[in-house]
1. Would you confirm, using the coordinates I've provided, whether A:Val15 is without any contact (Cβ under 8 Å) to a residue 40 or more places away in the chain, within 21 Å of A:Ala279 (Cα to Cα) and among the β-branched types (Val, Ile, Thr)?
2. Out of the stretch C:18-45, which residues are assigned to a loop (DSSP other than H, G, I, E, B) and either without any contact (Cβ under 8 Å) to a residue 40 or more places away in the chain or open to solvent by 30 Å² or more (accessible area, probe 1.4 Å) (or both)?
3. Give me the residue from the stretch C:311-325 that is within 14 Å of C:Leu168 (Cβ to Cβ) and assigned to a loop (DSSP other than H, G, I, E, B) and, out of that set, nearest to the other protein chains (Cβ to nearest Cβ).
4. Starting from residues that are of a type in the set (A, V, I, L, M, F, W, C), within 12 Å of another protein chain (Cβ to nearest Cβ) and surrounded by 19 or more Cβ atoms within 10 Å (Cβ to Cβ), keep the ones in the stretch B:200-233 and report whichever is nearest to A:Asp298 (Cα to Cα).
5. For residues in the stretch C:235-258 being outside any strand (DSSP E or B) and among the hydrophobic types (A, V, I, L, M, F, W, C), which is surrounded by the most Cβ atoms within 10 Å (Cβ to Cβ)?
6. B:Val158 - would you say it is in the same structural domain as B:Val286 (by TED's automatic domain parsing) and over 15 Å from the mean Cα position of the chain (by Cα)?
7. Which condition number does B:Thr308 fail, the rest of (1) away from every other protein chain (no Cβ under 13 Å); (2) of a type outside the set (A, V, I, L, M, F, W, C); (3) in contact with an Asp or Glu (Cβ under 6 Å, 6 or more places away or on another chain) being met?
8. Report, by residue number, each residue of the stretch D:314-343 that is under 15 Å from the mean Cα position of the chain (by Cα) and among the aliphatic types (A, V, I, L, M).
4 protein chains.
Amino acid sequence: MKRIQVGVLGATGTVGQGFVRLLADHPWFEVAAVAASERSAGKSFGEACRWRLSAPLPDRVGRLPILPLDPRAMAGIPLVFSALPADVACRVEPTFVVEGFVVSSNATSFRQQSDVPLVVPEVNPDHLRLIDLQRRTSGRRGFLVTNPNCTTTGIALVLKPLHDAFELNSVVAASMQAVSGAGYPGVASLDILDNVIPWIFGEEEKIETETRLLLGRVDERGKVKAELKVSAHANRVSVLDGHTVCLSLGFRHPCTPRDAIDVLGVFRGASADLDLPSAPERPVLVREEEDRPQPRLDRDAGRGMTVTVGRVRACSVLDLRLALVVHNTVRGAAGGSIENGELLVRGGWLP
Amino acid sequence: MKRIQVGVLGATGTVGQGFVRLLADHPWFEVAAVAASERSAGKSFGEACRWRLSAPLPDRVGRLPILPLDPRAMAGIPLVFSALPADVACRVEPTFVVEGFVVSSNATSFRQQSDVPLVVPEVNPDHLRLIDLQRRTSGRRGFLVTNPNCTTTGIALVLKPLHDAFELNSVVAASMQAVSGAGYPGVASLDILDNVIPWIFGEEEKIETETRLLLGRVDERGKVKAELKVSAHANRVSVLDGHTVCLSLGFRHPCTPRDAIDVLGVFRGASADLDLPSAPERPVLVREEEDRPQPRLDRDAGRGMTVTVGRVRACSVLDLRLALVVHNTVRGAAGGSIENGELLVRGGWLP
Amino acid sequence: MKRIQVGVLGATGTVGQGFVRLLADHPWFEVAAVAASERSAGKSFGEACRWRLSAPLPDRVGRLPILPLDPRAMAGIPLVFSALPADVACRVEPTFVVEGFVVSSNATSFRQQSDVPLVVPEVNPDHLRLIDLQRRTSGRRGFLVTNPNCTTTGIALVLKPLHDAFELNSVVAASMQAVSGAGYPGVASLDILDNVIPWIFGEEEKIETETRLLLGRVDERGKVKAELKVSAHANRVSVLDGHTVCLSLGFRHPCTPRDAIDVLGVFRGASADLDLPSAPERPVLVREEEDRPQPRLDRDAGRGMTVTVGRVRACSVLDLRLALVVHNTVRGAAGGSIENGELLVRGGWLP
Amino acid sequence: MKRIQVGVLGATGTVGQGFVRLLADHPWFEVAAVAASERSAGKSFGEACRWRLSAPLPDRVGRLPILPLDPRAMAGIPLVFSALPADVACRVEPTFVVEGFVVSSNATSFRQQSDVPLVVPEVNPDHLRLIDLQRRTSGRRGFLVTNPNCTTTGIALVLKPLHDAFELNSVVAASMQAVSGAGYPGVASLDILDNVIPWIFGEEEKIETETRLLLGRVDERGKVKAELKVSAHANRVSVLDGHTVCLSLGFRHPCTPRDAIDVLGVFRGASADLDLPSAPERPVLVREEEDRPQPRLDRDAGRGMTVTVGRVRACSVLDLRLALVVHNTVRGAAGGSIENGELLVRGGWLP
């Protein structure tokens, strides 16, 4: 199969580098264009980008010229991935949609817009139905699909099967998030060595809103949030990659720890039959050791696309407690967008 | 005032060194005897102890001979502080009680015993009434008083005024605990660098039980737990000193964030009038910056005896959310035991 | 004694905060004015400054208004300490000198200028003689005195007595420097967690040049470098405060490890008789434990003003090896400038 | 080709797990037997071993029974790799040699014995000639080959081409070593968070002696050290994997930085033609960025078998300065032993 040419917007930043790395040997997609802010114009990707990953920069991509963030510069490319920061994304992504591009965006800008799908393939692939609504509204062929915030992605993957089986009504989440989630330079070392920061700008609101959207449904007028309460404590800790989240969960139907483990153990996700290349064998892996999951040992499970769960036990306030680890820059960012792109291909949504 | 001679059991370990440091310039107490396991017998404290603190070892204590863990070796000393590990404490501490010593213990061994006071002076000084029961039961003048687990100490100090004002019914706690809580050598660096461990042996049970005991009452038969549910997630993070705890709280009476801040802001504790030397001016300090408390910046508040609270805000699942930092080796260990010793002096409990 | 009013230039930054903290209870000096860039104009120090230290911001200083970096705004103040970054210092400091101020600067800008003293009081207080030359050249009463780079300060304090006794000819230094040396935000956490950066901009050159200036002499034309070779490897490591330096030293005269320990052990410095308030009892402390000095345990020796030395042993390539720890933000920055200010007072250099 | 059955001694420890991981998909070798101390007897490897790596434990090996450290239990296996601690290795390894096994050992115990090859394939493969001497001395077919200490391995790989070209006479090395070098539990987190330890037991002596042995030669009576002086400063830093070393080098012939870069750039090693499966394409990689090598970014170069060099520049005391990073648990431990095993196969030394 001839590979589909794709573009990456915001390619030189931390998330953008993640896209380039994960797309390096992708069986379906080939990075044909990289775009970034004016500052990098005229340089090659290799020159413009301060490559910060231990995996080497793919030679071919290193030689690509940096294009402006302008849809005319990417004519002929059907699919672009957006690693743009929110303030740029809200301005640039619509210009690509107007010109007929399919945009799979990791940016936060349009996640809450009613007709823009916010999707994790294993959780709510049916939300892609919103594309029709989006096209009707805009009158354009191009459209935008988004993936959730890194922490929410991990939470939603674990909650989905539990919600389907036992109907959630309450979620208390306390996260311990890696510094890579803040980009580069991001968190100052003086702030995080020998320290915890019990606050991350905007993060708790994102977790609370996006979780309810992912577990919710869509109707002809747009997204409908699930009927459940979510309360989050977001903390930054001295970890490079991998967010850890402690969850206390309340359900409408009885759910013992054994029930939860069983349901999580067989979960393969709504997209399991589609054989998406980035989808891991298991979207959720339950470990039974008393001291797992740990970000350093578990973030790379399923090449970073599996969420690892452990410490499943009863909660004396709500019903169930557990801990999870999600790789924030793979499953929670570039990997999530790419798997959404694969879902779009399988669904026949690409021109 | 002539200073009261005190002994320290388990003086060479991490907690023991904490006692020696905090007692170095104590206005009421003077370390007159240090005891440790047989291994150290015959050495001076300075020789036996691998001093791990940046504050220098007090010269006078460094010259004290290491005594055996035997009450006969400490004859004439009215008060001993115990920094013994649980498995040794459960054997050794009763031998001191039998010989008439007052023991203020940081060990976990007898905290749940019905007639042994588990006390934080600002929270439940009235629980010392149990000493009478304990003496009646044992038929001895000597007695044992304990202070709670490090994390529980911080939680109880913050919950006490809120419980008095609004009556707690539910507590969900997620802790991020410093490595010093595990003693030395304790947590291996290979386990905690670039990592989180979502489990600490026995910690969640201690938080859940001891919090209810501290907020509970005592009657003629012993301790009665408070009527509230506590559910804890205990995590170890890459921090040297200072435990951070995220709390979601449910109350029987309405409590807005402003109400909570007001109540915490005026809290001085039940022992405020006693002028205990180790008691801080404020047992709880509320900071209103959005990113505080942080262990590195706030653990030393009130010379490590003040618990710092921040991020007081509503909770969509329960009623209130907040974060706190408590210095685990000061307020949560040696400092707590010492302040209990002071409370005993003020109460006239010492011979 | 009425305290001398002093100003702090660049007071809101990391180094500036260090000055404010160290001057809080200074017996001779009182912070009467704080100046910073235009951005902070019109605010109080407490509002303008994101206070990053665990020691609390002194109330009185918190209420001072932020002044512009203009000598006219500080009229009447005889002495100003400069915590300005180099690019600002090179422009602003001369305007203060022209207006007759005495400036004790931590900035790198004028350290190499021939008629500007580069001084550590215990090492080369006689270099203050250059003030006369500086005044002659400038035709102004005001003058500028500088203290060396943080790493150099620690190295020079240790080398001084050895050089006097055995005459150095070669120094190979490998430093492991704390992140606080880079200011705030400074080193990104993504760069230093689980990592070492074997390079610090400009640092090796500073160590090599400034060490030779401090151990050198002054004549009527200015500074003359000592006749010795210095070669430095500067590394950044995951430490908050305290630079560690490994030294291999070659001498013109025989020097055994015992000789070196003896010489370092009696060193009190050329300024010992002056009783400078910031000067530690011992400028250099030799520890004989095999695993010391360590930055976390030794950086606070002598309230951060003592350099701790250990592992003194023979070198098979040169003559002697040792390791040292210096507190980079105290002895190596604000504390060094303040002690220079004290030296100026004692020398009668202030108006 | 049928794979050669190999055994691993000390398989459950940190280094042993490294062997199991690296041998998991080895094209020539298959782990057929794992042995450990009595404590693990009767268990399977999966049960006995607390697997600490993020790469999963290979299923097949997990099911192998733990054998005693007894050659009779491994009858029929031609080659064993030893990950034993020194005090066990010195007792156990000879019992295997006596029974005719070929032992490729990572232990320190016999590295300095005159007739035991201490080998890095790219550096001194010709030292395998000592096997004949060893056999003559022992009268046994079995023999022992060792690889050097982790830090020395990295140093020797970089020094070899420089020594051949310019003849070294002096080496000053300052290392910043990862905690994984101390095994598990190894370095306490309380010792290394926010800290540096300027000492590692026995390390400096190993670096100094083994470097001279690797760059030396062998004659009919055994190993002859190279004529050069080596002086090492060994430090432990807060890094998980990857040792960083700063080198100052003196040569007998002129060597500019450009000369050194050229020589290092073309170095392929004495074993380049043998196509050893574990040998990287380039044993040494020179990076020209000013801030490399860094352990986190460079330790995995060449699957952990390439040593990365940077900052090649002149030294004002000796002739040349540079920094290197070597993956201590791959190239410096199990990977080194395995590549030695491959060298033995290619040389026809296996039965």
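The values are calculated or read from the model by the stated rules, or taken from the named source; none is laboratory data. These numbers come from a predicted model, not from an experiment. Because the Cβ atoms are built from the backbone with ideal geometry, glycine has one as well, and the counts that use them run over all protein chains shown. The area values use the complete protein model at the heavy-atom level, side chains included, leaving out ligands, DNA and RNA. Shrake-Rupley method; radii C 1.70, N 1.55, O 1.52, S 1.80 Å.
1. no
2. C:Ala24, C:Asp25, C:Pro27, C:Ala36, C:Ser37, C:Ala41, C:Gly42, C:Lys43
3. My answer is C:Cys315.
4. Filtering first and then ranking leaves B:Ile200.
5. Going through the qualifying residues, I end up with C:Val239.
6. No; evaluated as a whole, the condition is false for this residue.
7. Answer for B:Thr308: the failing condition is (1).
8. Within the stretch D:314-343, D:Val325, D:Val326, D:Val330, D:Ala333, D:Ala334, D:Ile338, D:Leu343 meet the criteria.
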